[in-house]
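Visitor: The structure is given below, and queries will be raised subsequently.
The values are calculated or read from the model by the stated rules, or taken from the named source; none is laboratory data. Predicted model, so just to flag it, every value in this text is computed and none were measured. Ideal geometry is used to build each Cβ from the backbone, glycine not excepted, and the neighbour counts take in all protein chains shown. Surface accessibility is based on the protein's heavy atoms, side chains included, excluding ligands, DNA and RNA. Shrake-Rupley method; radii C 1.70, N 1.55, O 1.52, S 1.80 Å.
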Amino acid sequence: MTNSIHDKIRKLLALANDTSENGEAEREVAMKMIQKLLIKHRIEMSDVILESDEQVEVTSTTFHFHNAPWIRTIIVGLSKMNFCQYYWTKDFLKGAAYGYHTIIGLPHEIEATIELVKVIFHSCDKEAKVGAKKFIEDKSFKRSFLNAASTKIYYRAMELVTESISHDSEIGTALVVKNAYEVADQRNSEFLENRGTTIKEKKQRTRTKSRNGATQGSKFGSTVSLTLSKKIA
């Protein structure tokens with residue numbers, strides 16, 4: 001009985017978190033149903049999440065990719081948004097331009113993060129090149145564009161995390177998602193600890209020297225989709 005209730009709650013949670021398909025009204029109905037089930041059956045949401053996570057083990061994936069500070073800024077934000085942790089190491093053979101990026105989390109969370117990073121990277125790079133041609137005399141345009149765009153994307157991702165945790169506590173949304181992020185942080189930290197890996201935090205330097213580049217980049221960063229399309233997924 002308990003397993004079937006847990007399955008139902010997880011399906012409702014998926015509906016509540018699906019912003020691409022469902023409107024605010026549908027998500028609110030789903031959250032109200034979740035809250036009723038939790039109270040009726042005296043179930044802790046953390047137990048539901050933990051049981052779900054036990055079916056899939058935490059792992060890590062390392063991919064070789066561009067390694068500019070603006071790219072790492074995007075990866076940090078998207079990793080957190082997708083319940084993952086992230087660290088990087090230098091590629092000493094190819095220099096500072098490339099690095100090895102490692103994402104820790106559940107397999108589907110890692111896959112979504114990496115795919116989204118690549119999609120957003122190409123979108124930003126393409127738009128920056130188009131803008132650089134319009135402002136050909138502004139030699140700092142492209143770098144300023146990319147730095148501003150990545151900063152905007154990072155803060156948007158972190159805002160989504162914050163909003164998810166604090167949103168509408170009356171229907172239990174805050175409790176549900178807060179537990180989900182807490183569980184994710186704990187499981188990822190335990191994975192790293194068991195491997196003997198210690199992550200050193202380092203602030204990314206993303207300076208903007210071009211006013212045009214910064215303005216255009218921030219504007220573009222506000223419009224970039226933070227979800228994968230159905231075709232990519």
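Visitor: Sort segment 94-168 into rounded, prolate or oblate with this rule: let a ≥ b ≥ c be the square roots of the eigenvalues of the Cα gyration tensor; rounded if a/c is under 1.5, and if a/c is not under 1.5, prolate when a/b is larger than b/c, oblate otherwise.
Guide: oblate
Visitor: Excluding SER210 itself, calculate the net charge of residues whose Cβ lies under 9 Å from the Cβ of SER210, where each Lys or Arg counts +1 and each Asp or Glu counts -1.
Guide: After counting each charged neighbour, the total is +4.
Visitor: What residues have an amide H closer than 5 Å to that of TYR98, excluding those fewer than 5 places away on the same chain, when H is modeled at 1.01 Å from N in the peptide plane?
Guide: ASN67, ASP91
Visitor: Related question: On the accessible surface of segment 52-147, probed at 1.4 Å, how many percent belong to carbon and sulfur atoms?
Guide: The nonpolar share, carbon plus sulfur, comes to 54 percent.
Visitor: Apply the Karplus parameterisation 6.51 cos²θ - 1.76 cosθ + 1.60, with θ equal to phi minus 60°, to every residue of segment 64-76 and state each ³J(HN,Hα) to the nearest whole Hz, in sequence, with x for glycine and proline.
Guide: 8, 7, 4, 9, 5, x, 5, 5, 5, 4, 5, 4, 4
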